[in-house]
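So the structure is just underneath, and the comments pick up after that.
The values are calculated or read from the model by the stated rules, or taken from the named source; none is laboratory data. What you see is a predicted model; the values in this text were computed from it and never measured. Note that we place each Cβ from the backbone using ideal geometry, even for glycine, and neighbour counts take in every protein chain shown. For the accessible areas, the whole protein counts, side chains as well, though only heavy atoms, and no ligand, DNA or RNA atoms are used. Shrake-Rupley method; radii C 1.70, N 1.55, O 1.52, S 1.80 Å.
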Amino acid sequence: MFKFFETLVDPYCDYNEVDAPPTKLWPFMREYAKPFRKVFVFATIMSIIVAAVEIGMIAYMGRIVDLLTGDPSQVWAAHRTEFILVILFVLILRPALQAFDVLLLNNTVLPNFGTLIRWRAHKHVLRQSVGWFENDFAGRIANRIMQTPPAAGEAVFQVFDAITFSLAYVLGAAFLLADADPRLVLPMLGWLVLYGCLVRWTVKRVGPASQKASDARSQVTGRVVDAYTNIHSVKLFAHNKRELDYAKEAIEYTRETFQQEMRIFTLMDVMLVTLNGLLVVSVVGWAIWLWMQGLASVGVVAAATALSLRLNAMTGWIMWALTSFFRQLGVVAEGMETIAQPIDLVDSRDAKSLSFTDGKIELDGLSHHYGRDSGGLDNVSLTIAPGEKIGLIGRSGAGKSTLVKLLLRFYDTEKGRILIDGQDISAITQDSLRHLIGMVQQDSSLMHRSVRDNLLYGRPDATEAEMVEAAKKAEAHEFILELEDPQGRTGYDAHVGERGVKLSGGQRQRITLARVILKDAPILLLDEATSALDSEVEAAIQRTLYGMMAGKTVIAIAHRLSTIAEMDRILVLDQGRIVEQGSHRELLAQNGLYAGFWARQSGGFLNADEAAE
């Protein structure tokens with residue numbers, strides 16, 4: 001039974017994936033709710049039926065009171081069949097109706113609606129560009145991905161569990177009172193108007209207050225995660241107190257926003273108790289007055305009393321349900337600031353996979369300044385022949401990393417174009433482009449997974465033997481076999497910690513190298529690939545690198561000039577332009593920037609400050 005309801009909606013079903021999701025709340029919710037339309041119709045019907053059953057039972061209690069005012073000896077004989085049918089209804093049919101209602105809500109809607117939003121939101125966010133992630137806290141992004149789905153699910157749950165039910169219940173109560181005596185409806189209608197005003201007053205304030213509080217909580221998460229992610233820097237500079245103060249500022253702001261939110265609920269509670277007292281006094285008092293005038297039976301008084309007391313008990317729950325509904329919508333609205341942002345770097349409509357032939361790379365009038373007036377690249381044109389090995393050097397900010405990021409299409413160029421084998425990379429799919437490029441970065445962060453998972457990230461279909469061979473080439477196999485994590489997993493099954501923190505810098509770099517060796521892409525980008533290695537290991541890795549470069553088009557960024565001296569051609573970037581190019585010997589003979597860098601090296605490193613002087 002549970003399985004049937006749990007699988008009524010597939011949260012991973014196919015859908016029309018868009019680059020720009022709806023940015024307004026209700027269109028956003030409607031888009032996610034499409035797979036649940038039929039379920040929502042049935043949930044609405046069931047909420048109305050359950051409310052009708054509740055009203056019917058109160059009405060029948062009034063009838064019971066009227067029947068009991070007659071001759072006791074005749075009651076059972078005259079109404080035996082009726083009583084048996086009511087008993088069967090209460091014991092069998094009513095629980096069945098209630099079960100169907102809660103199964104739809106608890107087992108179909110709640111688990112699947114939140115899952116659907118989380119899955120689609122995560123899928124959408126993963127498509128964002130590198131630049132988009134660089135402009136926000138990873139912790140805040142993750143927090144919004146995690147808190148928005150349950151908030152949306154809770155809001156939908158309240159629609160059917162409370163709002164639809166309560167509307168049906170109030171209408172049913174009005175009909176019940178009107179059936180007994182139309183005048184009994186008047187005090188209830190007066191109360192309903194006042195109650196509606198209170199709801200409007202509360203809802204108007206709760207939504208914005210909740211969104212503000214939710215945003216404050218995300219800010220706390222972002223700051224705390226930022227401190228944990230950079231814990232080495234926190235400890236290295238002895239800035240525990242500074243981080244505590246930084247977090248405290250956000251925590252205190254969160255407390256203040258939550259206090260403002262709770263003030264609304266406190267005022268609501270006080271006003272609600274007053275209104276409920278008015279409801280009980282007016283409805284029950286009027287019913288008693290009608291009975292005293294002989295215009296209503298004792299059963300009517302009993303039903304009116306039971307109904308007003310039931311409404312009195314329900315109003316607090318309804319109010320909390322309504323405020324929870326708008327509160328959760330506030331959380332959703334805050335989460336939409338992240339998960340409804342349009343994708344800022346997309347494949348063109350007719351994008352095709354990159355058709356790789358030789359590996360020829362052409363930069364044609366390439367300019368990119370990240371939207372600023374300076375920095376990045378400025379009108380760079382360059383042709384890299386198939387299989388050519390290019391070294392790239394320059395001061396910090398000269399544009400080296402920008403060139404690599406544009407080649408990987410982490411950003412779209414502001415001017416000019418990049419061609420690979422004659423194909424403009426803006427017209428091909430991003431995935432097909434990056435599948436053909438191997439990249440070793442200076443920051444060799446790893447996934448918090450096993451060594452095996454990290455290595456196979458380069459080529460998931462690689463065999464165990466191929467993976468081990470790549471690790472051996474990167475001088476990583478021996479130390480991998482000696483690894484053991486706190487859970488007792490060893491060797492290639494050992495987990496490396498967040499960003500590979502449980503390994504040394506050199507060990508992380510060697511695993512990163514092994515991953516790229518395993519990928520065996522025809523275009524190779526190296527950004528200080530051996531910077532974290534000691535001299536002995538570096539010498540061995542250099543031989544491996546030169547071996548894996550064979551037949552590949554290579555661009556290598558280096559400050560340690562000795563690592564690129566044997567390249568086919570070396571490019572010197574300065575202020576976003578190529579100012580010198582040639583072989584190591586040719587550049588030394590020119591006695592320009594490169595010759596100055598070479599002369600000012602200490603231990604093989606480029607002294608950028610001295611070079612600038």
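Figures for the structure shown
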quantity: Meets criteria (modelled with pLDDT of 90 or more and more than 33 Å from the chain's Cα centre (by Cα)) for Leu392; calculated: yes
quantity: From Ser432, Ser426, Ser396, Ser401, residue being in contact with a helix residue (DSSP H, G or I) (Cβ under 8 Å, 6 or more places away or on another chain) and farther than 23 Å from Ala550 by Cβ; calculated: Ser396
quantity: Elements of type strands (runs of 3 or more DSSP E) in region 336-431, at least 1 residues being open to solvent by less than 40 Å² (accessible area, probe 1.4 Å) and basic (Lys, Arg); calculated: 389-394
quantity: Residues satisfying the stated conditions in region 281-305, i.e. open to solvent by 60 Å² or more (accessible area, probe 1.4 Å) and within 54 Å of the chain's Cα centre (by Cα); calculated: Val281
quantity: Exclusive hit being of a type in the set (Lys, Arg), open to solvent by 20 Å² or more (accessible area, probe 1.4 Å) and at pLDDT 85 or above, set Arg127, Arg120, Arg140, Arg80; calculated: Arg127
quantity: Per-region count, region 50-96, residues among the β-branched types (Val, Ile, Thr), in contact with a helix residue (DSSP H, G or I) (Cβ under 7 Å, 6 or more places away or on another chain) and under 30 Å from Ile163 (Cβ atoms); calculated: 5
quantity: Qualifying positions in region 540-555 - at pLDDT below 90 and buried (at least 21 other Cβ atoms within 10 Å of the Cβ); calculated: Ile541, Leu545
quantity: Meets criteria (open to solvent by 50 Å² or more (accessible area, probe 1.4 Å), without any contact (Cβ under 8 Å) to a residue 60 or more places away in the chain and touching a helix residue (DSSP H, G or I) at 6+ places or on another chain (Cβ under 9 Å)) for Arg255; calculated: yes
quantity: From Ala162, Ala168, residue being closer than 30 Å to Thr44 by Cα and open to solvent by 20 Å² or more (accessible area, probe 1.4 Å); calculated: Ala168
quantity: Count of residues meeting criterion [touching a residue at least 24 places away in the same chain (Cβ under 8 Å) and among the hydroxyl-bearing types (Ser, Thr, Tyr)] in region 60-103; calculated: 2
quantity: Unmet requirement for Ala321, which otherwise passes all of (1) more than 30 Å from Gln158 (Cα to Cα); (2) open to solvent by less than 60 Å² (accessible area, probe 1.4 Å); calculated: (1)
quantity: Residue that is most open to solvent (accessible area, probe 1.4 Å), among those in region 14-59 that are touching a residue at least 24 places away in the same chain (Cβ under 8 Å) and part of a loop (DSSP other than H, G, I, E, B); calculated: Thr23
quantity: Whichever residue in region 228-255 is of a type in the set (Lys, Arg) and modelled with pLDDT of 90 or more and, among such residues, is farthest from Glu498 (Cα to Cα); calculated: Arg255
quantity: Members of region 440-461 that are open to solvent by 40 Å² or more (accessible area, probe 1.4 Å), within 27 Å of the chain's Cα centre (by Cα) and under 20 Å from Val554 (Cα atoms); calculated: Gln441, Asp443, Arg459
quantity: Members of region 323-378 that are more than 27 Å from Ile264 (Cα to Cα) and β-branched (Val, Ile, Thr); calculated: Thr338, Ile339, Ile343, Val346, Thr357, Ile361
quantity: Residue check, Ser308 closer than 24 Å to Ala174 by Cβ, outside any loop (DSSP other than H, G, I, E, B), over 32 Å from the mean Cα position of the chain (by Cα) and of a type in the set (Ser, Thr, Tyr); calculated: yes
quantity: Test result for Gln509, among the polar types (S, T, N, Q), on the phi < 0 side of the Ramachandran plot and at pLDDT 85 or above; calculated: no
quantity: Failed criterion for Glu484 (all others in (1) over 15 Å from Arg452 (Cβ atoms); (2) loosely packed, with under 15 Cβ neighbours inside 10 Å hold); calculated: (1)
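Rundown of residues vs (1) open to solvent by less than 70 Å² (accessible area, probe 1.4 Å); (2) at pLDDT below 90; (3) touching a Gly at 6+ places or on another chain (Cβ under 9 Å); (4) not β-branched (Val, Ile, Thr), yes/no style:
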residue: Arg560; (1), (2), (3), (4): yes, yes, yes, yes
residue: Met567; (1), (2), (3), (4): yes, yes, yes, yes
residue: Ala589; (1), (2), (3), (4): no, no, yes, yes
residue: Tyr594; (1), (2), (3), (4): yes, yes, yes, yes
residue: Gly603; (1), (2), (3), (4): no, yes, no, yes
residue: Ala612; (1), (2), (3), (4): yes, yes, no, yes
